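Colleague: Take a look at this one; I'll ask things after.
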Amino acid sequence: MLFPPVFADIFVVLFGLLAGSFLNVCIHRIPRKQSIVLPASRCPGCGHPLAWYDNIPVFSYAALRGRCRSCGTPISIRYPLVEIVTASIVLWHWIVFGPTPLFAVRVVFAAALIVLFAIDLAHQLLPDVITLPGIVAGFACSWFLPPGPLMSLVGTLAGGGLLWAIAEAWFRLRKVDAMGFGDVKMLAMVGAFLGLKLVVLVFVLASIIGGVVGVVLIATRRADMATRVPFGTMLATSALVASVYGDRLVAWYVSTL
Ligand SMILES: [Zn+2]
């Protein structure tokens, strides 16, 4: 071995921090329909362009104490949080998958989930520019990696079809839109990456998390029955768990039957 494994881990964490920094740009700009490439990052308060040393993940936020160098506008805590969360998730994938092609694919999938989570939380929106290319990417990768093209295709149809049917039934019953169709496309994307078995697991997990969060919010009077819960955040959390531990969870569940 050329390098002790700890160097690889450090490299993975640094890569994760930089990736998180890029995801922050996506989270800020995609709902505003701005380019994620140009222009370079600016302070949203005063438009002051950020120098490279103001753009170092986590450290710049700490050094500037969460304020713009030029005008003092507070910088959202979301920036260092997304960077730390992304780095942790990339390291977690590295530990579980190791240096494999599946690691690369699942990290890209996780990146899409992080962006969808943050945008859904802030804007109650799951943009097509992430979910639709996500469906194509998941299906394309399935020709070389799990779950295989057939399961990927069936997973896409089942994931999208399930939520579409629920939205349609809810609409006929209550005459209100329970979900935006963003959720439908997002679960279709999850199905494309993870296949039929795991997309069912993701739906079940997300519904359980959604139920628990809903009960807690209603009990603490932060919401009532009519509050629209951003279901995409729960789909993202569940899909991340299923992507890494799904096969083990399903095997455990089957063994208890
Ligand atoms: Zn500023």
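Colleague: Does at least one position in the stretch 57-80 carry a residue that is modelled with pLDDT of 95 or more and within 25 Å of Ala140 (Cβ to Cβ)?
Modeller: no
Colleague: Continuing with the same structure: When you check Leu150 against the structure, is it out of contact with any helix residue (DSSP H, G or I) (no Cβ under 7 Å at 6 or more places or on another chain) and either buried (at least 18 other Cβ atoms within 10 Å of the Cβ) or aliphatic (A, V, I, L, M) (or both), yes or no? Steps first, please.
Modeller: On the way: out of contact with any helix residue (DSSP H, G or I) (no Cβ under 7 Å at 6 or more places or on another chain): yes; either buried (at least 18 other Cβ atoms within 10 Å of the Cβ) or aliphatic (A, V, I, L, M) (or both): yes.
Against the criterion (out of contact with any helix residue (DSSP H, G or I) (no Cβ under 7 Å at 6 or more places or on another chain) and either buried (at least 18 other Cβ atoms within 10 Å of the Cβ) or aliphatic (A, V, I, L, M) (or both)), Leu150 qualifies.
Colleague: Looking at the stretch 41-75, which of the residues that are within 25 Å of Leu125 (Cβ to Cβ) and touching a strand residue (DSSP E or B) at 6+ places or on another chain (Cβ under 9 Å) is surrounded by the fewest Cβ atoms within 10 Å (Cβ to Cβ)?
Modeller: Pro74
Colleague: For the stretch 21-36, which residues satisfy the criterion of being touching a helix residue (DSSP H, G or I) at 6+ places or on another chain (Cβ under 9 Å) and either within 10 Å of the ligand (Cβ to nearest atom) or of a type in the set (A, V, I, L, M) (or both)?
Modeller: Leu23, Ile27, Ile30, Ile36
For every residue, the table says whether it meets (1) among the polar types (S, T, N, Q); (2) over 29 Å from Val199 (Cβ atoms); (3) not in a helix (DSSP H, G or I).
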{"position": "Leu14", "(1), (2), (3)": "no, yes, no"}
{"position": "Cys71", "(1), (2), (3)": "no, yes, yes"}
{"position": "Pro80", "(1), (2), (3)": "no, yes, no"}
{"position": "Val85", "(1), (2), (3)": "no, no, no"}
{"position": "Ser88", "(1), (2), (3)": "yes, no, no"}
{"position": "Trp94", "(1), (2), (3)": "no, no, no"}
{"position": "Leu102", "(1), (2), (3)": "no, no, no"}
{"position": "Phe109", "(1), (2), (3)": "no, no, no"}
{"position": "Ile114", "(1), (2), (3)": "no, no, no"}
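Colleague: Continuing with this model, one more query. Restricting attention to the stretch 26-40, which residues are surrounded by 12 or more Cβ atoms within 10 Å (Cβ to Cβ) and without any contact (Cβ under 8 Å) to a residue 40 or more places away in the chain?
Modeller: His28, Arg29, Gln34, Ile36
Colleague: Looking at Asp183, Asp224, Asp247, which one is part of a loop (DSSP other than H, G, I, E, B) and of a type in the set (Asp, Glu)?
Modeller: On the way: Asp183 fails: part of a loop (DSSP other than H, G, I, E, B); Asp247 fails: part of a loop (DSSP other than H, G, I, E, B).
Exactly one residue qualifies, and that residue is Asp224.
Colleague: Hey, Pro146 hits all of (1) farther than 22 Å from His93 by Cβ; (2) at pLDDT below 95; (3) not hydroxyl-bearing (Ser, Thr, Tyr) but one; which does it fall short on?
Modeller: Only one criterion in (1) farther than 22 Å from His93 by Cβ; (2) at pLDDT below 95; (3) not hydroxyl-bearing (Ser, Thr, Tyr) is unmet by Pro146, namely (1).
Colleague: Among the residues of the stretch 199-257, how many are touching a Leu at 6+ places or on another chain (Cβ under 7 Å) and of a type in the set (Lys, Arg)?
Modeller: Adding up the residues that qualify gives 0.
Colleague: Looking at the stretch 138-147 only, could you name the residues that are touching a helix residue (DSSP H, G or I) at 6+ places or on another chain (Cβ under 7 Å) and either of a type in the set (A, V, I, L, M) or not in a loop (DSSP other than H, G, I, E, B) (or both)?
Modeller: Of everything in the stretch 138-147, those that are touching a helix residue (DSSP H, G or I) at 6+ places or on another chain (Cβ under 7 Å) and either of a type in the set (A, V, I, L, M) or not in a loop (DSSP other than H, G, I, E, B) (or both) turn out to be Gly138, Phe139, Cys141, Leu145.
Colleague: Are any of the residues in the stretch 148-160 in a loop (DSSP other than H, G, I, E, B) and free of Cβ contacts under 8 Å to residues at least 60 places away in the same chain?
Modeller: Residues of the stretch 148-160 that are in a loop (DSSP other than H, G, I, E, B), as a first pass: 148.
Right, trim to free of Cβ contacts under 8 Å to residues at least 60 places away in the same chain and you get 148.
Among the residues of the stretch 148-160, at least one is in a loop (DSSP other than H, G, I, E, B) and free of Cβ contacts under 8 Å to residues at least 60 places away in the same chain, which makes the answer yes.
Colleague: When both residues are 6+ apart or on different chains and their Cβ atoms are under 8 Å apart, which pairs have a first residue that lies in the stretch 55-81 and is away from the ligand (no atom under 16 Å from the Cβ), and a second that is in a loop (DSSP other than H, G, I, E, B)?
Modeller: Ile77/Gly66; Pro80/Pro57; Pro80/Val58
The values are calculated or read from the model by the stated rules, or taken from the named source; none is laboratory data. Keep in mind the model is a prediction, meaning the values are calculated, not measured. Cβ sites come from the backbone with ideal geometry, for glycine too, and all protein chains shown count toward neighbours.
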